[in-house]
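I have placed the structure first, in the form of structure tokens, so that the comments after it can refer back to it.
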Amino acid sequence: METQSQWSSKLGFILASAGSAIGLGAMWKFPYVMADNGGAAFLFIFVIFTMLVGFPLLLSEFVIGRHSNTYSTQSFGVLTGRKSYNLIGHLGNIGVFLLLSFYSVIGGWILIYIIRTIVILVTGSPTQDYEGVFGSLISNPLYAIGGQALFIVLTALIVAKGIRNGIERASKIMMPLLFIAFIIIIIRSLTLNNAMEGVSYFLKPDFAKLSADSILFALGQSFFSLSVGFGGMLTYASYLNKKTDLTQSGLSVVGLNLIITVLAGLAIFPATASLGIEAAQGPGLLFIVLPYVFDQLPFGHLFYLIFLMLFFFATITSSISLLEINVSNATKNQNSRRITAVVLLSIGLFVLGIPSALSSGMLSDVTFLAGTFFDNMDFLVSNILLPLGALLFSLFTGYVLDQRMSRSELVTQSYQEPLFKLWIFLLKFVIPLVIIGVFLSLIMK
Ligand code: PHE
């Protein structure tokens, strides 16, 4: 067997993992829910869930990945000697494939808007009907499917180049650019009239506004936005050398993810407040509200383009981690098979993604269970498969995995021993209960 690829540096590993974490999860819906549900009070709850649920699960993926040093549909068996535990890896492997098939639809919209904004910059002919433009773009099958295909091709090109030359290099370029783009947008936003009104709308703590729904959302978000539950972080950690401190790396990823969440709010709310309009969530925000806001400003199209690029970097660094999980499993980490696997998986993703891409157009009337095909895929992945994966990870690490193994990965100094015990306690009791609670309440809705 060929020797397995490795990250060239700890920074590369951290940036790639942060790239996986930071994505639509942190930037699409979160700032909106936060502003609407008590601002800093909501953030406080989210930080607690992140530390008690997301972070311990992240460490569990890191431990399993690095200790087994192999792909996710084999690692559980390698660590326990029982192949049946590999089922957890298989679940994740299927989950990410489904997730990427519709994640790429949104990625495609972002690309279409990037192209459109560049055209406007060059020809200087903006349209005023923001909602109409958005509706007609995403309902046009050519644009919807074309954008999705382009997004998958870009993801595939990066993953095909391998760990160091592809994923690590892309993350090392895109993550700093993401931060720079954010800083530019935030400076622009904060220097608008009434900017402080937006900041206070976003941040002002109000515990009375916390709703049960928002707390559930914060819980689900604490693992979705850290990419845990499907073995993505396991896969990335399997390419890691033995020297790198897992706890410290995990904390860096968590910290970066939290910072981005706050930055996203600081970029959006001052801008919407300055025009006295309501912010929205998801597509409405990025494709309808923000174009309107930026149209009113000098050089607005340029700022909007930067905003779109920022979303693009965030989504593609997540999608490469999703595809990499499938690729590492399909190739059993043999680099000679990488290109073939990337090509075949991309074709499969594209085909499976078509009904999701058409869900805002031709197929918008075809609804069942949770809504359109897209809505159903989202529901299945975000509300069923991902919580299930996270639950299995916590039970496996808490009850099945030999603690001597996980201790050898996490405890390097004696003061870490009590923290290790706390980690085991959270995995055994707290996280399973919390996840089952969220799971039941989401299913019942
Ligand atoms: N964390 C990513 C986001 O917030 C989504 C993701 C989930 C990526 C699971 C990989 C695995 O967009």
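Below, the figures for the structure above:
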| quantity | calculated |
| --- | --- |
| Globularity ratio of the chain, using Cα Rg and 2.2 N^0.38 Å | 0.95 |
| Acute angle (nearest 10 degrees) that the helix 416-425 long axis makes with the longest principal axis of the chain, alpha-carbon atoms | 80 degrees |
| Residue-normalised accessible area of the chain, expressed per residue, 1.4 Å probe, Å² | 40 Å² |
| Volume in Å³ per residue [convex hull over Cα atoms, computed for the range 209-350] | 169 Å³ |
| Computed [θ] at 222 nm, helices only, for the chain once each DSSP H run of length n ≥ 4 contributes -39500 (n - 2.57) | -22500 deg cm²/dmol |
| Degrees, to the nearest 10: 40-49 long Cα axis against longest axis of the chain | 20 degrees |
| Unit charges on C-beta of K, R, D, E only; dipole of the range 1-146, Debye | 460 debye |
| Using alpha carbons only: equivalent-ellipsoid semi-axes of the range 164-207, gyration tensor based, whole Å | 33, 14, 4 |
| Tilt relative to the chain, helix 87-123 - C-alpha long axis, 0 to 90 degrees, to 10 | 30 degrees |
| Apportionment of accessible area to carbon and sulfur, the chain, percent (1.4 Å) | 68 percent |
| Length-normalised contact order for the chain - Cα pairs under 8 Å, 6+ apart - percent | 33 percent |
| Surface/4 estimate of mean projected area, convex hull on alpha-carbon atoms of the range 85-168, nm² | 7.8 nm² |
| Above-threshold pairs, the threshold being 32 Å between Cα atoms, out of Lys10/Lys445; Lys83/Lys445; Lys161/Lys428; Lys83/Lys242 | Lys10/Lys445; Lys83/Lys445; Lys161/Lys428 |
| Scattering profile of the range 345-437 at q = 0.15, 0.18, 0.24, 0.26 Å⁻¹ [log10 I(q)/I(0), Debye over alpha-carbon scatterers] | -0.72, -0.83, -1.13, -1.22 |
| Two-site FRET efficiency, Ile94 against Arg337, from Cβ-Cβ distance with R₀ of 35 Å, rounded to 0.05 | 0.95 |
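The values are calculated or read from the model by the stated rules, or taken from the named source; none is laboratory data. Bear in mind that the values here come from a model prediction, so they are computed numbers and not experimental data. Every residue, glycine among them, receives a Cβ derived from its backbone with ideal geometry; neighbour counts consider all protein chains shown. What goes into the accessible areas is simple: the full protein's heavy atoms, side chains included, and nothing from ligands, DNA or RNA. Shrake-Rupley method; radii C 1.70, N 1.55, O 1.52, S 1.80 Å.
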